[in-house]
Each structure stands twice: as C-alpha cells, then as structure tokens.
1. Can you go through E409, E422 and tell me which one is exposed (fewer than 15 other Cβ atoms within 10 Å of the Cβ) and either under 20 Å from T326 (Cα atoms) or modelled with pLDDT of 80 or more (or both)?
2. Determine which single condition I141 fails, assuming it passes every other condition in (1) closer than 24 Å to G293 by Cα; (2) touching a helix residue (DSSP H, G or I) at 6+ places or on another chain (Cβ under 6 Å).
3. Restricting to segment 110-165, count the residues that are touching a Phe, Trp or Tyr at 6+ places or on another chain (Cβ under 7 Å) and open to solvent by 50 Å² or more (accessible area, probe 1.4 Å).
4. Any residue in segment 394-409 that's among the acidic types (D, E): show its pairings with residues that are assigned to a helix (DSSP H, G or I) and at pLDDT 80 or above at Cβ separation under 6 Å, as long as the two are six or more apart or on different chains.
5. For segment 329-340, name all the residues that are at negative phi and in contact (Cβ under 8 Å) with a residue 40 or more places away in the chain.
6. Out of segment 75-95, which residues are open to solvent by 40 Å² or more (accessible area, probe 1.4 Å) and under 26 Å from the mean Cα position of the chain (by Cα)?
7. With respect to the numbered conditions (1) in contact with a helix residue (DSSP H, G or I) (Cβ under 8 Å, 6 or more places away or on another chain); (2) part of a helix (DSSP H, G or I); (3) surrounded by 15 or more Cβ atoms within 10 Å (Cβ to Cβ), which one is the sole condition not fulfilled by R374?
8. Look through segment 350-369, keep the residues that are of a type in the set (D, E, K, R) and surrounded by fewer than 21 Cβ atoms within 10 Å (Cβ to Cβ), and return whichever of them is nearest to T326 (Cα to Cα).
Amino acid sequence: MSEPGHWQTPAAGAPQQQPHYAQAPLPHVAAPGTALSYAPDYWVHPAPGPAKRKTRGTAVKVTNIILLCVLALVTLVTLAFFAISIGANVFLICGALALIPLAICIATLMWIDRWEPEPKTALLFGFCWGAGMAVITTLVIGSWVQPLLMTTNPTADADMVGAVIQAPLVEELCKGAGVLLLFFLRRRTFDGPIDGVVYAGMIAAGFAFTENILYFGQALSESDGAVGGLVGIFIMRGLMSPFAHVMFTATLGVCVGYAARNGGTLMVLGAWVVGLVPAMLLHGLWNGTAFLGGNFFVAYVVLQVPLFILSIVGIILLRRSEAKLTRKRLSEYVPSGWFTQEEVPMLATGSGRRRALIWSKTFAAGPIMKEFIRLATRLAFTRQRLLVDARGGAGSTAANRFRAGQELEMALLNKITGVRTELLGRHAHAVWQSQNVQAQQIQAQQLQAQNNWQQPR
C-alpha cells in the first residue's frame, strides 16, 4: 500500500473504483507547530469536493438516541426502586459515598481515552447499561442460576458458590452484553483495544456504582445505623478496589477491541466469548479472597496489587500502540500530499501534539488545533478499518461497509482541509497584525528620532 485510495489487491466483491487522491507534493515548508512562520503556498492544491451525505446516518442516530433514552429511564427506575427498598435517607448517604469511587474510575477512563476520545453519548450509553440494565438482568438471571448451581452440589456453601461462581458468571455476561451492543451500535468509533477498555470500563463503573449503593446500604442496615460497618465496606470497595469491576470487564473489552481493529463480525463474536473467560476468572478470584478471613490483606498485597500494576502497564503499552498506528497510517497520506512529512509526528506523538497546541494558543487557535488533531486521528483509524475491510472477502455486506468507509475517509479529508486552511489563515492574520504593529512601532521610533534631530540645541 503506497498511497491512499489505491489498494493493491481489493477484496472480491469490494468496489474497484477508488477515490483518486494523487496530487502534486506540497512544497517543503515548516508545518504548523514546528515553527512560528507562515508560507502562503503551504496549501496550494484546492480543497476536495464535498462528500456525499448518507441518509442512513440519520436513522442510526435516531436509533442510538432512542436506546440511550430507554437505558437512562431504566437506570432511573432501578435507582428509584433501590431507594424505596433501603430508604431515601440511606440511599442518599450511600449514593454520595458511591460517587467517590465512580469519580475515580471515570476520571481514569477519561485519561485513558485522551488519544482518541469516544463520543460522550456512547460513554453515557455504556454507563446507563451498567448502572441499570446490567444490574436488573443480573438480579433476574442470578435468581435462576444460583438454584441450578446448588442442585449440582447441594452440600456446597451457598454464599461461596454465589460469590465465586454465580456472580462472576452472570455479572460479566450481563456487562459483556453491553460491550457487544456498543460494538454494533458504534462500529465506526469502536476502533481498537483502548476503545474496548473505555467502553467496558464505563459499563463496569456504572454497574459498580449501583452495586456499591446496595452493599453500603446493607452494611448500614446490618450494623443498626452504626457507621463502623459502613466505613469498613467503603474502604474496601471504594478506596482499596475502586477499579475491580473495571479491571474485570476491561479484559473483555481488550479482546473485542482487538478483534474490531483486525477482523470482522465473526472475529468480534469469537473474541467476545474468549474475553468472557479472563473477566470471569479475575472476578471469581477477587470474590474468593473475601473468604480468606485474616489472610485477605495478604492475598490483596500478593495477588491483587500486582494484577492492578500489570493492568496499568498494559494500558500504557496499548496507548503507545495507538500512537504508533496513528503515525503509520497518517504517513501513508504523505506521498499524495494530504499531509506533509512534518505534520505526521506533530499529530501522532504526544510531544508533537503538546507543542502544536502551545503554538496554536499563541494566536487564539487552540480549539482549531484540537479539532485538527481529532480529525487526523479519526482518519488514521478509519484507514486502518478500510485496510481490514479490503481483505474481508466477498459479499454485499463487506462491499457496503468498505464503500461506507471510503465515504467517511473522504469526508474526513474534506474537514481536515477546511480546518487546516482556517488554522493557517488565523496564523497568517496574527503574523500580519504583528508585522503591522512592529512596522508602526519602527515608524514611530523613526519619527521621534527625526523630531529630536530637528529640535534646536
């Protein structure tokens, strides 16, 4: 693959006629963010033609909005039901405490999602699924699974079976269903493992929020209003393990995200099934430590802390992988002139982005530069999706998906052209103003010097 739009071996059934991007290379001048200079011939070729609007997009947006409203309503009804069950005052106290680990999880997920932020509506969808739908389905399905598990081994400890087997099995299945649903609803923005971590993490954070309210309320009621039991369970669940559910379900999200980046629907379904295994095992392992009594803290330090550190290392490596992929895909647009060689590291490295944002803020164009970075990153992942779809095989579905990807690619290139033009226009205007001010100052100094010379001595 040497040039965007020219696929060497297009898939059977895929459209053969690709957009022609070949243009004269841009002149070698400093790219935005690398120097405070402006060259008027920086963007010499005309903007591409407008991309065709897709009527299907409106129907998808309406569907997403309806589903989001339904999930939000389910979440409100679920929380209202629990408020009635444990009492309004207890619910408010426990809800306020549950907000603390929730805020920690959401802030962390937002930090993880900085490279290519996901749509806020999709994140809200995931939270509502976890806080409402997943909780309700867990309670319903769990009431059927627990008796079945006890039937196979009547002498087993019911509490241990429920915590170590039933809860991981049912809860991860219900949370994982939300991850799979988000993939089908937001396929265009479900680009890789980090997206899987963020979507799965939001679902798990919502689930943990509702579950924490129930656990805190139960601890408060069992201690007859004394705060000792509540403080203990808050420290264990809210401070020592706020990321427990997020970490479990994130392993599923990584598997689904990897399949979404490198394969089609069948691969994603297979990865979803495979991803349930580590999610359930980690969940069961964590719940099992509660039955160790005095050895709980030993198991926490020896087992859970290393697993948490390993998760952090994994996230860092995945983020580096995203940056590497972004740079690789954007570099493929350089030969045809859509980007200059200097722009690629500016857009595809953390240090380059920071310098570009600092530079753009010197002439009040920070938001424009942020949009430029966002669109370029989206373009890189769209191209990655196109490369995968191009070898996806024959069939009308694959061809339609490939064609839709091409239209999205062209639309992004249109937007990037417009944003770059506006950015450079702002810079040129700022430079012009600066030069005018400097010229006026020099003229005033010369005039003052002339007046001083003409005065009698």
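The values are calculated or read from the model by the stated rules, or taken from the named source; none is laboratory data. Keep in mind that what you see is a predicted model, and the values were worked out from it rather than measured. Methodologically, a virtual Cβ is constructed for each residue, glycine included, from the backbone with ideal geometry; neighbour enumeration extends over all protein chains shown. Note: accessible area is taken over every heavy atom of the protein model, side chains too, but ligands, DNA and RNA are not part of it. Shrake-Rupley method; radii C 1.70, N 1.55, O 1.52, S 1.80 Å.
1. Details: E409 fails: exposed (fewer than 15 other Cβ atoms within 10 Å of the Cβ).
Just a single option satisfies the conditions, and that option is E422.
2. Answer for I141: the failing condition is (1).
3. Going through segment 110-165 one residue at a time, the tally reaches 1.
4. Every condition considered, the pairs that remain are E409/T382.
5. First, the residues of segment 329-340 that are at negative phi: 329-336, 338-340.
Of everything in segment 329-340, those that are at negative phi and in contact (Cβ under 8 Å) with a residue 40 or more places away in the chain turn out to be R329, L330, E332, Y333, P335, S336, W338, T340.
6. L76
7. Condition not satisfied by R374: (1).
8. Step one: of segment 350-369, the residues of a type in the set (D, E, K, R) are 353-355, 361.
Imposing the further condition that a residue be surrounded by fewer than 21 Cβ atoms within 10 Å (Cβ to Cβ) reduces the set to 354-355, 361.
On the way: R354: 16, R355: 17, K361: 24 Å.
The selected residue is R354.
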